[in-house]
Amino acid sequence: MFPLNNGNLKIAVQKKGRLTEKSVELLNLCGLGIDNYTDRLYISASNFPADILFLRDDDIPEYVQDGVADLGIVGENVIIEKPVMIDLKEKLGFGKCKIMIAYPDSLEINNIQSLAGKKIATTYPSILGRFLSENGIEARIIEISGSVEIAPALGIADVICDIVSTGNTLKLNKLKRGFTVFESEAALIASPALKDNSFKEQLVTDLLKRIRSVITARKSKYLMMNVPKASLEEVIRMIPASKSPTILPLFDESTVAVHAVVSSGYIWEVLDPLKKAGATGILVLPIENMIP
Ligand code: ATP
Ligand code: ZN
C-alpha cells in the first residue's frame with residue numbers, strides 16, 4: 001500500500017520558508033509530535049492519526065481544494081490570490097505581513113487616488129485588482145513573477161505592489177513605502193471534501209479545539225507574585241484576570257501569593273505599578289494551552 005494511503009488526516013505545511021518552523025511548532029504544541037522533519041516530503045505525527053505533507057506554499061490551496069491534503073497552513077495572501085474553493089477555519093497569528101504600494105522618489109503617491117492611470121507591477125494581481133476596484137480606481141496591473149522592485153527602474157511600471165518587510169530592498173531600489181493594500185497572516189484552511197469523511201471531520205474538530213487553545217494561551221501569561229496583605233486589594237484591582245485570581249497563604253502570615261492569568265500585552269504595563277504596590281518575587285510564565 002502507498003504509505004500515504006492510510007486514512008490519516010493529511011496536513012499540508014510549507015516545505016522550506018518563513019511559515020515552516022512556526023507551523024510545525026503550532027502542531028507540536030497541539031500534541032501531534034513532529035520531529036526531525038527537515039528535508040522530509042512527509043512525516044507521520046506520533047500521538048495523532050495525521051501525516052504532515054511538506055509542499056511549496058503556492059501549491060497548498062489547490063491541494064487542499066482537491067482533497068490531496070485535508071488541511072493546510074498557508075498565508076492569506078496566497079489563499080486570496082488563487083481562485084480556490086476551501087474553508088478558512090482559523091487565522092493563526094503568525095506569518096504576519098503587509099502587501100503595500102511602493103513608488104520611486106520622483107513620484108508623489110500618498111493616497112489611493114494618485115494610483116489612477118498608473119502602471120503597477122505586482123506578483124499579486126488578484127489582491128491588487130480587488131483593491132483597485134473596491135476603491136473605484138482604474139490602473140494597469142503588470143503581473144510579474146518575482147523581483148518586482150526592479151520594475152520601475154526598468155521602465156515597465158510606475159509603482160509596485162508587493163510584500164514589504166524591512167524596507168531595505170525598497171531603499172536599494174530607490175523606492176518609498178506607500179500605503180497598505182492587504183494585511184495577511186498564516187491561516188488554517190480545510191478541504192470541502194472533508195464533509196464526506198466523518199472520521200476525518202471528527203479529527204479536524206478535535207485539532208481545531210487544540211489549535212484555538214494554543215492561540216488563546218499565546219495571548220496570555222501566568223503571573224505569580226508575593227503581595228503584602230495590606231496592599232492586596234490595590235494589587236487585585238491592577239490585574240484584570242480572566243478569572244478571579246488565586247490567593248494562597250504563605251508561611252509569613254503578613255504576605256500572600258497571588259496567581260492570575262493576564263493578557264500578554266498588559267503584563268509590561270502593570271509590572272512597575274505592581275512593584276510600587278509592594279509585590280515581590282514576580283514571575284511571568286508562558287501558558288501552553290488554555291482549555292475553555
Ligand atoms: P516557496 O518556495 O514555498 O514558494 P515563498 O518564497 O513563496 O516560498 P516565503 O518567503 O517563505 O515564501 O513566505 C511564505 C509566506 O510567509 C508568504 O506567503 C507570506 O504569507 C508570509 N510572510 C510573512 N512575512 C513575510 C515577509 N517579510 N516577506 C514575504 N513573506 C512573508
Ligand atoms: Zn511561494
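I'd like the full set of residues that are touching a helix residue (DSSP H, G or I) at 6+ places or on another chain (Cβ under 9 Å) and either open to solvent by 10 Å² or more (accessible area, probe 1.4 Å) or modelled with pLDDT under 95 (or both), limited to the stretch 55-69.
L55, D57, D58, Q65, D66, G67, V68
Which is more than 16 Å from ligand 2 (Cβ to nearest atom), of a type in the set (A, V, I, L, M, F, W, C) and assigned to a strand (DSSP E or B), of I150, I109, I101, I156? First the steps, then the outcome.
Values: I150 fails: assigned to a strand (DSSP E or B); I109 fails: assigned to a strand (DSSP E or B); I156 fails: assigned to a strand (DSSP E or B).
Exactly one of I150, I109, I101, I156 is more than 16 Å from ligand 2 (Cβ to nearest atom), of a type in the set (A, V, I, L, M, F, W, C) and assigned to a strand (DSSP E or B), namely I101.
How do the pairs read when you match residues in the stretch 62-87 that are in contact (Cβ under 8 Å) with a residue 24 or more places away in the chain and at negative phi with residues anywhere that are in a loop (DSSP other than H, G, I, E, B) and within 13 Å of ligand 2 (Cβ to nearest atom), using Cβ under 6 Å and keeping only pairs 6 or more apart or on different chains?
Taking only residues 6 or more apart or on different chains, the pairs are G75/G95; E81/Y124.
When you check K91 against the structure, is it within 13 Å of ligand 1 (Cβ to nearest atom), surrounded by fewer than 19 Cβ atoms within 10 Å (Cβ to Cβ) and modelled with pLDDT under 95, yes or no? Break it down stepwise before answering.
On the way: within 13 Å of ligand 1 (Cβ to nearest atom): yes; surrounded by fewer than 19 Cβ atoms within 10 Å (Cβ to Cβ): yes; modelled with pLDDT under 95: no.
For K91, the condition - within 13 Å of ligand 1 (Cβ to nearest atom), surrounded by fewer than 19 Cβ atoms within 10 Å (Cβ to Cβ) and modelled with pLDDT under 95 - is not met.
Within the stretch 110-117, is there a residue that is assigned by TED's automatic domain parsing to the domain that holds A157, touching a Gly at 6+ places or on another chain (Cβ under 8 Å), surrounded by fewer than 19 Cβ atoms within 10 Å (Cβ to Cβ) and farther than 14 Å from I160 by Cβ? Steps first, please.
The first filter runs over the stretch 110-117 and keeps only residues assigned by TED's automatic domain parsing to the domain that holds A157, leaving 110-117.
Pick out the ones that are also touching a Gly at 6+ places or on another chain (Cβ under 8 Å) and you get 110.
Of the ones still in play, those that are also surrounded by fewer than 19 Cβ atoms within 10 Å (Cβ to Cβ) are 110.
Remaining after also requiring farther than 14 Å from I160 by Cβ: 110.
Yes, the conditions are met somewhere in the stretch 110-117.
For the stretch 4-43, enumerate the residues that are away from ligand 2 (no atom under 16 Å from the Cβ), without any contact (Cβ under 8 Å) to a residue 40 or more places away in the chain and surrounded by fewer than 14 Cβ atoms within 10 Å (Cβ to Cβ).
Matches in the stretch 4-43: N5, E25, D35, N36, T38, D39, R40, L41.
Given (1) of a type outside the set (A, V, I, L, M); (2) in contact with a strand residue (DSSP E or B) (Cβ under 7 Å, 6 or more places away or on another chain); (3) open to solvent by 50 Å² or more (accessible area, probe 1.4 Å); (4) more than 16 Å from ligand 2 (Cβ to nearest atom), where does N47 come up short, assuming only one miss?
N47 satisfies all of (1) of a type outside the set (A, V, I, L, M); (2) in contact with a strand residue (DSSP E or B) (Cβ under 7 Å, 6 or more places away or on another chain); (3) open to solvent by 50 Å² or more (accessible area, probe 1.4 Å); (4) more than 16 Å from ligand 2 (Cβ to nearest atom) except (2).
Being out of contact with any helix residue (DSSP H, G or I) (no Cβ under 6 Å at 6 or more places or on another chain), open to solvent by 20 Å² or more (accessible area, probe 1.4 Å) and either not in a loop (DSSP other than H, G, I, E, B) or not polar (S, T, N, Q) (or both) is the filter here, so list the residues in the stretch 165-176 that pass it.
Passing the criteria: N168, K171, L172, K174, K176.
The values are calculated or read from the model by the stated rules, or taken from the named source; none is laboratory data. What you are looking at is a predicted structure, and each value in this text was computed from that prediction instead of being measured. When we count neighbours, we look across all protein chains shown, and the Cβ atoms used for this are built from the backbone with ideal geometry, even at glycine. Heavy atoms of the whole protein, side chains included, go into the accessibility calculation; ligands, DNA and RNA do not. Shrake-Rupley method; radii C 1.70, N 1.55, O 1.52, S 1.80 Å.
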